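These notes are about the structure you will find just below.
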Amino acid sequence: MTPRAAVVWTPEFLRYDLGGEHPLDPVRLDLTMRLATGLGILEGVEPLVPEQAPDEEIRRIHVPSYLAAVKSAPDNPFGVGHGLGTEDNPVFFDMHEASALVCGGSLLAAREIAEGRADRAVNIAGGLHHAMADHASGFCVYNDCAVAISWLLDHGFDRIAYIDVDVHHGDGVQAAFYSDPRVLTISLHQHPMTLWPGTGWPGEYGEGKGAGYAVNLPLPPGTADGAWLRAFHAVVPSLITEFRPQILVTQCGVDTHVEDPLANLGLSVDGHRAIYRELRQLAEHAAGGKWLALGGGGYGLFRVVPRSWTHLVSTVLDRDVEPHRPLPAGWVAHAAGLTGQRLPTEMTDGREIGYEPWTEGSDRVDAAVLETRRAVFPLHGLDPDDPRD
């Protein structure tokens with residue numbers, strides 16, 4: 001039986017706009033939905049329209065003084081503090097309302113699953129994983145990922161696995177649940193010595209009862225599709241299978257792409273498509289089929305994000321798009337009117353995706369894998385040196 005899947009979307013998400021030349025341009029969301037529509041992926045799917053998350057839901061993660069600062073900042077943007085008014089997080093009109101709507105989208109997706117109306121749900125506007133309890137960080141005002149996870153913990157779930165495949169460390173979500181053994185956070189990201197925010201080391205594995213429930217796999221710059229998937233399979237499935245989550249929450253940032261202007265990994269759109277299929281299979285195998293997929297980073301606004309996230313939406317809906325499917329002429333014409341970049345013509349970068357199963361090797365990716373396995377596997381009763389675990 002085909003799993004029931006929900007898509008959360010409203011054009012109002014485009015109001016989360018940091019302005020000017022800021023790299024987090026909401027055009028990437030609009031182009032994704034236009035492409036998914038043009039390819040027929042959303043045919044017969046009625047997107048769910050969210051409302052702003054109420055303050056009490058946002059306060060699950062964020063302190064009241066921070067909410068007050070976000071609300072007041074547009075009227076008094078100077079010296080507001082809390083990480084607001086910076087180059088990364090400029091103050092913008094209706095900042096609270098737009099940020100609360102993103103949270104509301106992820107909460108709506110979570111509620112659809114928790115209340116049994118869907119097995120899977122996707123909110124590409126979500127994934128703002130850097131926001132901390134009392135400050136904005138890394139283009140993120142409110143942490144919709146953490147808010148949704150906290151809500152799920154109060155509505156029937158006590159084992160939640162969060163997998164973050166963004167190029168940047170999922171630091172805000174890790175911080176929110178660092179001592180909570182009910183939430184297993186796993187982040188695969190570019191090595192913190194080479195990329196902001198400089199966190200996400202294997203030795204950051206949780207504290208107190210949560211020791212072992214924060215997992216970090218930092219990858220060297222240049223890591224491409226095959227090596228990324230090798231690392232993923234060497235760490236993630238064993239931990240997820242042992243943890244037995246009731247739901248999988250994933251942050252699906254696509255700034256791991258080789259063309260992304262803000263980072264230095266080497267993945268392709270084809271690699272992203274493979275990752276989404278792995279996440280779907282993990283949800284089916286280990287989480288009762290329940291999967292909440294969120295967006296995240298990704299700054300190849302025209303050539304990368306729309307194709308990658310169209311693959312994400314199609315994977316959630318079990319309407320997988322063949323890699324060599326041509327892009328609709330109308331979409332290409334619309335996008336060409338917005339950029340001078342040469343646009344792709346197909347849903348592929350032309351990469352063949354494959355990987356060798358992990359065994360302890362001598363390259364930098366294998367060394368990273370082993371460091372992570374040795375940090376956390378023993379805390380779960382797994383043997384870090386045995387490839388079968």
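The values are calculated or read from the model by the stated rules, or taken from the named source; none is laboratory data. It should be emphasised that the depicted structure is a prediction, and the values quoted were computed from it without experimental measurement. Cβ atoms come from the backbone with ideal geometry, glycine included; neighbour counts cover every protein chain shown. For the accessible areas, the whole protein counts, side chains as well, though only heavy atoms, and no ligand, DNA or RNA atoms are used. Shrake-Rupley method; radii C 1.70, N 1.55, O 1.52, S 1.80 Å.
Taking the Cα centre of region 226-288 as origin and assigning +1 to Lys and Arg Cβ atoms and -1 to Asp and Glu Cβ atoms, the resulting dipole is close to 220 debye.
Using a 1.4 angstrom probe, figure out how much accessible area the chain has per residue, in square angstrom, rounded to the nearest whole.
On the way: 14560 Å² over 389 residues.
About 37 Å² of surface per residue is accessible.
Measuring with a 1.4 angstrom probe and ignoring ligands and nucleic acids, Phe139 comes out at about 20 Å² accessible.
Taking Cβ atoms as reference points and 13 Å as the exclusive limit, the residues near Phe302 contribute a net charge of +1, counting Lys and Arg as +1 and Asp and Glu as -1. In a reduced charge model with +1 at each Lys and Arg Cβ and -1 at each Asp and Glu Cβ, region 130-203 shows a dipole moment near 140 debye about its Cα centre.
Which net charge results when you count Lys and Arg as +1 and Asp and Glu as -1 among the other residues whose beta-carbon is under 13 Å from that of Pro357? Could the numbers behind the result be given before it?
Details: positive: Arg230, Arg388; negative: Glu356, Glu360, Asp366, Asp386, Asp389.
In short, -3.
For region 163-209, carbon and sulfur atoms together expose 56% of the accessible surface, with a 1.4 angstrom probe and every protein chain in place.
For region 41-101, give the percent of accessible area contributed by carbon and sulfur heavy atoms, probe 1.4 Å, rounded to a whole number. The partial results should precede the final answer.
On the way: 1620 of 3240 Å².
Ligands and nucleic acids excluded, carbon and sulfur give 50 percent.
Charge dipole of the chain (Cα centre as origin; +1 on each Lys and Arg Cβ, -1 on each Asp and Glu Cβ, all else neutral): 520 debye, rounded to the nearest 20.
Grab the alpha carbons of the chain, take their convex hull, and tell me the volume per residue in Å³.
Details: hull volume 49.9 nm³, N = 389.
Spelled out: Cα convex hull of the chain, divided by residues, is 128 Å³.
Ordering Thr199, Leu18, Tyr355 by Cα displacement along the dipole of the chain toward the positive end leaves Tyr355 in first place; charges were set at the Cβ atoms of Lys, Arg (+1) and Asp, Glu (-1).
Would you work out what percent of the accessible area of region 234-389, with all protein chains in place, is carbon or sulfur (probe 1.4 Å)? Kindly include the intermediate steps, with their values, before the conclusion.
On the way: 2940 of 6170 Å².
Within region 234-389, the accessible surface is 48 percent carbon and sulfur.
Projected over every direction and averaged, the convex hull enclosing the alpha-carbon atoms of region 257-358 yields 7.7 nm². Of the complete DSSP H runs in the chain, those spanning 15 angstrom or more by Cα along the long axis with a mean Kyte-Doolittle score not below 0.5 are 95-114, 225-243.
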